[in-house]
Amino acid sequence: MKDNYGRIINYMRISVTDRCNLRCAYCMPDEGIENIGHDHILSFENIERIVKASVDLGIKKFRITGGEPLVRKGIVELVRKISQIDGVEELAMTTNGILLSKYAEDLKKAGLDRVNISLDSLNHTKYNKITRGGDLNEAFAGINAAVNAGLTPVKINVVAMKGFNDNEIIDFVQLTYQHPYEIRFIELMPVGHANAEQYGVITVDEIKEKLPALRPANQNEGVAEIFKYPGAKGTLGFISPLSRHFCGDCNKIRLTADGKLKPCLLSNAEIDLNEVLNQGNDEKLKDVIKDVILNKDEKHHLDEGAAPIERDMNKIGG
């Protein structure tokens, strides 16, 4: 389905929980968060209803997110149910990887196609600091489990932060010589507590300046620009939501764990689906989703002084 600006909207990100087994410093405040009550989290049944309605409108790609989706009880069964819905062409997941060594094989058997794994440092001490207690060994065990299970290509998401991990860019590049990963450098976005002053933004252009031998990989990855070093097994992706608007190529909408549909990550606008879900009228549900797509803004306005995003990323869906 096309929105009013001619963009084909064929991708939905579904947050299944705001809970996480890590507490990344740019994602949550020091004191932690007050979790959404279980009574306000979308049931698997309602998630299925939303997916079915969305497929009828032309959405074919779905990504399960959190918080950390693998802490949601029954997540493998949800993957199985979504993957079996007629019209779902791709089903992926974004995870921190900590629990992947436990779930990777079952997720693949249930119908998950691939994973993106969040990994902001290759240094054990810095990883522990940024995640407030995470173990880098467990994250890499999850990456290896994903590869062995066939949840590939594995994409590793690196939020680039000046003064924190900008001195590790070459280390991440080296991984692409050893493994067929796609390392994706993402600009730090002002979402909730990501405004924290201790982490500065490093732009995609600044990262590229450190990598003069890059060559375009000539492949399409949605909003990511894809490059490669000669002889490398993997690729490098660059995602620049702030320094270079890619809004004209945006093809997605987001569903939060508490049933709000967000047409844009970098906007506070959201539409509550709970009332129409409670009515049990799936045709009306489809109409509401259609209306959200049609009224999706042409672009975000953060670079024009718009209000910062109020919700933290764990409550929106990474």
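Nothing in this text is a laboratory measurement; each read-out follows from the coordinates by a stated rule. Predicted, not measured: the structure shown is a model, and the values here were computed from it. Heads up, the Cβs are rebuilt from the backbone with ideal geometry, glycines too, and the neighbour counts pull from every protein chain shown.
Projected onto the charge dipole of the chain (+1 at Lys/Arg Cβ, -1 at Asp/Glu Cβ, origin at the Cα centre), which of THR176, GLY97, PRO263 gives the Cα projection farthest towards the positive end?
Farthest towards the positive pole: THR176.
Amide H neighbours of ARG63 under 5 Å, counting only residues 5+ apart in sequence or on other chains, H built in-plane at 1.01 Å?
Sorted by chain and number, the residues that satisfy this are MET12, ARG13, ILE14, ALA92.
Please report, in whole Å, how far the alpha carbons of the stretch 123-263 spread along each principal axis, starting with the longest.
Principal extents (Cα only, largest first): 42, 38, 34 Å.
Can you tell me the length gained on complete extension of the stretch LYS2 to ASN123, counting 0.36 nm per residue apart and subtracting the Cα distance?
My answer for the length gained is 39.2 nm.
May I ask you to derive the relative contact order of the chain, considering only C-alpha pairs under 8 Å and at least 6 residues apart, and to give it as an integer percent?
Taking the mean separation of contacting Cα pairs over the length of the chain, I get 23 percent.
For the stretch 11-316, with only Lys/Arg (+1) and Asp/Glu (-1) charged at the beta-carbon, what is the dipole magnitude about the Cα centre, in debye rounded to 20?
For this selection, approximately 820 debye.
May I ask you to list the GluC sites (Glu not before Pro) in the stretch 67-171 that are in a DSSP loop and have at most 13 other Cβ atoms within 10 Å of their Cβ?
Of the GluC sites (Glu not before Pro), the ones in loops of the stretch 67-171 whose Cβ has at most 13 other Cβ atoms within 10 Å are GLU89.
Determine by what factor the alpha-carbon radius of gyration of the stretch 215-254 differs from 2.2 N^0.38 Å, reporting the quotient.
1.32
Grab the beta carbon distance between ASN295 and ILE170, set R0 = 35 Å, and tell me the FRET efficiency rounded to 0.05.
0.20
Please compare each pair in LYS81/LYS162; LYS102/LYS126; LYS73/LYS233; LYS126/LYS228; LYS61/LYS233 to a cut-off of 32 Å on the Cα-Cα distance and tell me which ones are over it.
LYS81/LYS162; LYS73/LYS233
Given a Förster radius of 30 Å and the C-beta distance between GLU77 and PHE140 as r, what FRET efficiency does 1/(1 + (r/R0)^6) yield to the nearest 0.05?
My answer for the efficiency is 0.65.
Quick one: putting +1 on the C-beta of Lys and Arg, -1 on the C-beta of Asp and Glu, what dipole do you get for the stretch 66-164 around its Cα centre, in Debye to the nearest 20?
320
Counting Lys +1, Arg +1, Asp -1, Glu -1, what net charge surrounds HIS124 among other residues with beta carbon under 15 Å of its beta carbon?
Net of charged neighbours comes to -2.
Evaluate E = 1/(1 + (r/R0)^6) for ARG215 and ASP30, where r is the Cβ-Cβ distance and R0 equals 35 Å; express this FRET efficiency to the nearest 0.05.
0.25
If each DSSP helix of 4+ residues adds -39,500 (n - 2.57) and the sum is divided by the residues in the chain, what number results at 222 nm, nearest 500 deg cm²/dmol?
Roughly -8500 deg cm²/dmol at 222 nm, from the helical runs in the chain.
Taking neighbour counts of Cβ atoms within 10 Å as a proxy for exposure, in what order, fewest first, do ARG7, ARG244 appear?
Lowest count first: ARG244, ARG7.
Send over the per residue convex hull volume for the chain, Cα only, as a whole number of Å³.
In the chain, the Cα convex hull volume per residue is 126 Å³.
In nm, what is the difference between 0.36 nm times the number of residues separating ASP287 and ASN21 and their Cα-Cα distance?
Once the chain is fully extended between ASP287 and ASN21, it gains 92.2 nm.
May I ask for the angle, rounded to the nearest 10°, between helix 44-56 and the longest principal axis of the chain, with both axes built from Cα atoms and the value confined to 0 to 90°?
Rounded to the nearest ten degrees, it is 90.
Between the stretch 114-150 and the stretch 7-69, what is the separation of their alpha carbon centroids in Å?
About 21 Å separates the Cα centre of the stretch 114-150 from the one of the stretch 7-69.
Can you list, by residue number, the Cys in the chain that have no neighbouring cysteine C-beta under 4.7 Å?
So far as the 4.7 Å Cβ criterion goes, CYS20, CYS247, CYS250, CYS264 stand without a partner in the chain.
How would you rank 288-294, 80-86, highest first, on the average number of other Cβ atoms within 10 Å across their residues?
Per-residue Cβ counts within 10 Å, averaged per peptide and sorted highest first, yield 288-294, 80-86.
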